[in-house]
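To start, the structure itself, in structure tokens.
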Amino acid sequence: MKAALYAIGLALPGRRLVVNLSPADLPKEGSHFDLPIALAVLASLGVLPHDFLMRYVAMGELALDGGIMSVAGSLPAAIAANGRGLGLICPKSSGSEAAWAGEEIDILAPANLVQLINHVKGHQVLSPPKPALAEAAANQPDLRDIKGQESAKRALEVAAAGGHHLLMVGPPGAGKSMLAQRLPSILPPLDPREMLDISMIASLAGELGEGKLSRVRPFRNPHHSASMPALVGGGLRAKPGEMALAHHGVLFLDELPEFQSRVLESLRQPLETGETVVARANYHVTYPARFQLVAAMNPCRCGMAGTPGHVCRQGPRCAADYQGRISGPLLDRLDIQIELAAVRASDLTLRRQRK
Ligand SMILES: Nc1ncnc2c1ncn2[C@@H]1O[C@H](COP(=O)(O)OP(=O)(O)O)[C@@H](O)[C@H]1O
Ligand SMILES: [Mg+2]
């Protein structure tokens with residue numbers, strides 16, 4: 001902060017500065033306190049008026065040259081600030097994200113300290129940021145790429161219509177991963193309320209690209225080596241995990257039995273309650289997590305059990321052991337369970353369907 005103030009031509013007074021972050025019993029972490037601390041110092045130096053700052057919530061990271069760098073969570077911050085009748089000062093790059101909180105909110109999104117000071121002094125007024133909508137990806141995978149597998153496609157449609165959890169079991173190459181990736185293409189677009197909900201979660205995770213919101217439902221596809229905090233949430237700032245990021249969308253777990261059993265069992269509670277809880281020593285964070293679970297697995301370790309003409313080297317135990325890794329209570333929660341056969345050669349030579 002000293003370097004940033006020095007860079008914009010302000011020298012700190014020679015006396016000692018005490019910065020007090022209150023309340024003291026609340027754990028505070030993160031670089032977004034840089035800007036508020038700098039603003040408080042500017043006010044104490046008389047560069048910015050006190051009563052101006054009292055009307056705003058501020059967040060942002062300071063660069064050594066006085067630039068204000070983006071931080072996660074500006075959308076929920078804008079909503080919370082508005083709830084208290086305050087405006088928001090946030091980095092320029094987070095402005096369009098914060099603007100989704102509503103038109104009436106006074107949002108200042110300067111790129112650096114100089115712009116903010118000029119705005120307050122009336123030299124150069126900042127224009128309010130505009131909410132931006134991300135363009136829908138043009139080449140989203142489409143269900144019509146799938147040849148044959150009529151019953152699996154039907155099951156996918158039923159799952160999409162009813163929001164049912166789905167388990168697909170079949171040999172490698174049957175098209176399980178392919179089918180799951182095409183589920184978002186037949187789901188309805190998000191309504192504005194849902195869009196705001198999931199954007200707040202994505203904002204906290206720092207995953208809103210350029211602050212643009214998207215109307216496409218989330219499709220989260222964590223690798224089977226994913227840890228428990230990666231799914232449930234946690235880490236340095238109790239960030240939301242994959243389950244929360246899949247809220248109002250799809251959580252796809254490919255190769256389900258390969259996930260750690262602890263991770264799989266942690267799915268059970270959110271599937272019931274629609275929430276995940278990140279527990280910390282002195283506080284809990286609850287994230288909404290109402291996702292549609294889609295899982296895919298091979299029927300056995302070698303992958304071919306049940307295919308006509310195939311005999312597993314380990315006999316029937318091969319399939320029993322592999323499928324036994326999924327607990328009964330978890331299987332119970334998967335409403336639709338289908339078995340896929342390998343795609344037929346005659347189906348693969350079919351032309352791509354028009355609709
Ligand atoms: N029904 C299908 N129609 C068209 N291509 C298919 C089909 N099933 C499989 N494929 C092809 O096989 C590849 C592997 O499929 P994949 O979905 O990864 O299988 P799985 O996950 O069941 O092992 C796909 O990328 C696709 O090219
Ligand atoms: Mg696969």
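The values are calculated or read from the model by the stated rules, or taken from the named source; none is laboratory data. As the structure is a prediction and not an experimental result, all values here were calculated from the model. Positions of Cβ are generated from backbone atoms using ideal geometry, with glycine treated the same way; all protein chains shown enter the neighbour counts. Accessible surface is based on the protein model in full, side chains and every heavy atom, while ligands, DNA and RNA are left aside. Shrake-Rupley method; radii C 1.70, N 1.55, O 1.52, S 1.80 Å.
Observations on the structure shown:
- Annotation: per residue accessible area for the chain equals 53 Å², rounded to a whole number [probe 1.4 Å, protein chains only].
- By a 1.4 Å probe calculation restricted to protein chains, Cys90 has an accessible surface near 0 Å², given to the nearest 10.
- The Cα-based radius of gyration and maximum Cα-Cα distance (Dmax) for the chain are 25.6, 85 Å.
- Extension gain (nm, one decimal) between Arg313 and Met54, 0.36 nm per residue minus Cα-Cα: 85.9 nm
- Computed on protein heavy atoms with a 1.4 Å probe, the accessible areas place Ile8, Ile89, Ile117 in the order Ile8, Ile117, Ile89, largest first.
- By the Cβ distance rule of under 4.7 Å, the chain has these cysteines without a partner: Cys90, Cys302.
- Accessible area of the chain belonging to carbon and sulfur atoms, whole % at 1.4 Å probe: 53
- Per-residue ³J(HN,Hα) for the stretch 105-119, Karplus 6.51 cos²θ - 1.76 cosθ + 1.60, θ = phi - 60°, Hz, x for Gly and Pro: 7, 7, 10, 10, 10, x, 7, 7, 4, 4, 4, 5, 5, 4, 5
- Each residue of the stretch 245-252 was assigned a 3J(HN,Hα) from its phi angle through the Karplus expression (A = 6.51, B = -1.76, C = 1.60, θ = phi - 60°), giving 5, 8, 3, 6, x, 10, 10, 9 Hz with x at Gly and Pro.
- Applying 1/(1 + (r/R0)^6) with r as the Cβ-Cβ distance of Ser261 and Arg16 and R0 = 51 angstrom yields a FRET efficiency of 0.40.
- The stretch between Val216 and Thr349, if pulled fully straight at 0.36 nm per residue, gains 44.7 nm over its current Cα-Cα span.
- Amide hydrogen proximity for Gly87: with H placed 1.01 Å from N in the peptide plane, the residues at 5 or more positions away or on another chain lying under 5 Å are Tyr56, Val57.
- Within the chain, helix-based [θ] at 222 nm, where runs of 4 or more DSSP H residues each add -39,500 (n - 2.57), nearest 500: -8500 deg cm²/dmol
- Ala43-Ala132 FRET efficiency (beta carbon distance; Förster radius 35 Å; 0.05 resolution): 0.65
- Cross-link partners of Lys28 among lysines, defined as those whose alpha carbon lies under 24 angstrom from its own and excluding same-chain residues fewer than eight positions apart: Lys2, Lys92, Lys239.
- Note, ³J(HN,Hα) from phi for the stretch 327-341, Karplus 6.51, -1.76, 1.60, rounded to Hz, x at Gly and Pro: 6, x, x, 6, 4, 4, 7, 8, 5, 10, 10, 10, 10, 9, 9
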